[in-house]
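First the structure, in the form of structure tokens, and then the observations on it.
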Amino acid sequence: MKLSRSLILIQPTAQKQGHYVLYWMQASQRISYNHALQEAILIANQHQLPLLVVFALVPSYPLANRRHYQFMLEGIQELSEELHKLGISFHIGLGNPLEVLEPFFPESSHVVMDIGYMRIQRQWRRQVYQRIIQDYPHIQLTSVESDVIVPVKIASEKCEYGAYTLRPKLHRLVSSYAIPLEWSPLLNKQFLSTSSLDLANIDEILDNLPIRQDIRGVSLFKGGYTHAKQRLDTFIKDKLSHYLESNDPSKDYNSYLSPYLHFGQISSLEIYLAVSHSSVNQEGKDAFLEQLFVRRELAMNYVFYNEKYDDFQFITEPWAYATMQEHLRDEREYLYTFEQLEQAKTHDIDWNAAMQEMKVSGTMPNYMRMYWAKKIIEWTVDYQTAYQTIVVLNDTYFLDGRDPNSYTGIAWCFGKHDRAWTERPIFGKLRYMNQAGLLRKFDMETYRLLVEQKVKERVHSD
């Protein structure tokens, strides 16, 4: 049974025929498997109106820099061209969403918006909701959930304790939501004239944004659905069958899809269906879908039901805070400043390699992400400073930083969604990771050589 992802938030209280349907596209920056876009098209067709898609380029998103904006704008550039081919008008404006959207409200009959889970995304949507209900009584406002497989509030009504409590709920519902999206073309292909930003020269836009400019884009990733789809196809063909080995940093079995998921350039549902219907061994598929579906939607659950997900005092469980308090004064063999960590100047050559990879490529193997964060806990003067250091580095250098997965993964390093382990210095009952474990499990020399090559390629490209 197929269930709806849309919810009418405001029913009009005044009669006025608008000139177009407005879709505020913010989280779902794509056409393929975009349920919000499809809902907007259906409404436009029903009322025989053209469709206007509006995207707000927020000029200074916290900790985002040139690397992130470049990747996002590459995707938006491709998106605008594809929307034009479909007869859909597109406007990109510079400013906070309400500032960009409000000039279009007077002539809109309906407004459709996608859903965001982070605190700032939800604040934007509340502002739009409040302005429409206050000043534009003729508008119907509809929200559509398009960036998870099972809608967050349908999956659970509370912040889940761990993957083991959310997993059965998701699996009970997945057959009702993991359904291919039926596409309906827009009938009224009337283009609307707006003073949109010119996407012909992305570098010029980037140069004029009030953002940190020294963190440059990376050659490994180019934004946009086309590149996301290419990565998905390559992953299924060449890597999915080996996904059980993806924790090994010396083997390149990662999907590299997380930046595209973060910016909404590809749908998790499209990935889920493609992987599920592939002929690859079931073990590889199950391992990947656990990450894409259960773990990713656990992260959405975490930030949705805990609006203080990035405040150290509210990120984890009572037992974790208790054990950290007991070990707060434990002696640290190594202590590093933020600058030393950022410059990859520690005694641990494997940690340094991971930090260098993060800086030059915007990514890091999943196992190394955990190790990287755990070592910062061990090498920092206290837990709160460690947390703040991890968040700032994560959000600055990772292309998929500033994301529910990021904040949930960091909280996991401090005990969230985990269990108490054998007590030890500094970590107490928090899960411990060490370099000896890396060397025992993986070919770290090969990993270091791979990173070395990436660093050389980056220096050459610069």
Odd one out for Ile266, checked against (1) assigned to a helix (DSSP H, G or I); (2) surrounded by 21 or more Cβ atoms within 10 Å (Cβ to Cβ): (1)
Residue list for segment 199-214, restricted to those being touching a residue at least 12 places away in the same chain (Cβ under 8 Å), of a type in the set (A, V, I, L, M, F, W, C) and farther than 11 Å from Arg66 by Cβ: Leu199
Selection within segment 206-235 - charged (D, E, K, R) and under 15 Å from Ser258 (Cα atoms): Lys222, Lys229, Arg231, Asp233
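Can you tell me which residue is most open to solvent (accessible area, probe 1.4 Å) among those in segment 400-448 that are among the aliphatic types (A, V, I, L, M) and touching a helix residue (DSSP H, G or I) at 6+ places or on another chain (Cβ under 6 Å)?
Looking at the filtered set, the residue picked out is Ala420.
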Scan of segment 358-398 for residues that are open to solvent by less than 10 Å² (accessible area, probe 1.4 Å), among the aliphatic types (A, V, I, L, M) and more than 23 Å from Leu220 (Cβ to Cβ), ordered by number: Ile376, Ile377, Ala386
Candidates Glu342, Glu326, Glu317, Glu331 - the one that is within 19 Å of Val218 (Cβ to Cβ) and acidic (Asp, Glu): Glu342
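The rows are residues; the columns are (1) over 19 Å from the mean Cα position of the chain (by Cα); (2) modelled with pLDDT under 95.
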{"position": "Ile376", "(1), (2)": "yes, no"}
{"position": "Val381", "(1), (2)": "yes, no"}
{"position": "Val391", "(1), (2)": "no, no"}
{"position": "Asp418", "(1), (2)": "yes, no"}
{"position": "Phe427", "(1), (2)": "yes, no"}
{"position": "Met433", "(1), (2)": "yes, no"}
{"position": "Val455", "(1), (2)": "yes, yes"}
Unmet requirement for Leu244, which otherwise passes all of (1) over 20 Å from Tyr367 (Cα atoms); (2) open to solvent by 30 Å² or more (accessible area, probe 1.4 Å); (3) hydrophobic (A, V, I, L, M, F, W, C): (1)
Where Thr165 falls short, out of the listed (1) of a type outside the set (D, E, K, R); (2) closer than 23 Å to Gln291 by Cα; (3) in contact (Cβ under 8 Å) with a residue 60 or more places away in the chain: (3)
Extreme residue, farthest from Leu273 (Cα to Cα), among residues of segment 152-164 that are among the aliphatic types (A, V, I, L, M) and open to solvent by less than 40 Å² (accessible area, probe 1.4 Å): Ala163
Residue in segment 271-289 that is open to solvent by 30 Å² or more (accessible area, probe 1.4 Å), of a type in the set (Asp, Glu) and without any contact (Cβ under 8 Å) to a residue 12 or more places away in the chain present: yes
Residues that are open to solvent by less than 10 Å² (accessible area, probe 1.4 Å) and within 14 Å of Met444 (Cα to Cα), drawn from segment 334-354: Asp348, Asp350, Trp351, Ala353, Ala354
All positions within segment 119-151 that are touching a helix residue (DSSP H, G or I) at 6+ places or on another chain (Cβ under 7 Å) and surrounded by fewer than 19 Cβ atoms within 10 Å (Cβ to Cβ): Gln127, Arg131
Condition check for Leu298: closer than 30 Å to Lys237 by Cβ and surrounded by 17 or more Cβ atoms within 10 Å (Cβ to Cβ): yes
Any hit, segment 218-226, residues being within 24 Å of the chain's Cα centre (by Cα), part of a loop (DSSP other than H, G, I, E, B) and aromatic (Phe, Trp, Tyr): yes
Residue, nearest to the chain's Cα centre (by Cα), within segment 311-329, restricted to residues that are open to solvent by 50 Å² or more (accessible area, probe 1.4 Å) and over 13 Å from Ile426 (Cα atoms): Asp311
Phe293, sole failed condition from (1) buried (at least 16 other Cβ atoms within 10 Å of the Cβ); (2) without any contact (Cβ under 8 Å) to a residue 60 or more places away in the chain: (2)
Cross-chain or 6+ apart pairs with Cβ under 7 Å, segment 324-346 first and more than 20 Å from Gln313 (Cβ to Cβ) and touching a residue at least 40 places away in the same chain (Cβ under 8 Å), then in a loop (DSSP other than H, G, I, E, B) and of a type in the set (A, V, I, L, M): Asp330/Ile426; Arg332/Ile426; Leu335/Val381
Count of segment 165-223 residues which are open to solvent by 60 Å² or more (accessible area, probe 1.4 Å) and hydroxyl-bearing (Ser, Thr, Tyr): 4
Per-region count, segment 406-447, residues assigned to a helix (DSSP H, G or I) and either of a type in the set (A, V, I, L, M, F, W, C) or closer than 15 Å to Trp372 by Cβ (or both): 13
Selection count where residues are open to solvent by less than 50 Å² (accessible area, probe 1.4 Å) and not aromatic (Phe, Trp, Tyr), scope segment 224-241: 6
Entirely in segment 1-111, the strands (runs of 3 or more DSSP E) that have 3 or more residues that are aliphatic (A, V, I, L, M), open to solvent by less than 50 Å² (accessible area, probe 1.4 Å) and touching a residue at least 40 places away in the same chain (Cβ under 8 Å): 51-57
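The values are calculated or read from the model by the stated rules, or taken from the named source; none is laboratory data. These numbers were taken from a predicted model, which means no experiment stands behind them. Every residue, glycine among them, receives a Cβ derived from its backbone with ideal geometry; neighbour counts consider all protein chains shown. In case anyone asks, the SASA skips ligands and DNA or RNA and just uses the protein heavy atoms, side chains included. Shrake-Rupley method; radii C 1.70, N 1.55, O 1.52, S 1.80 Å.
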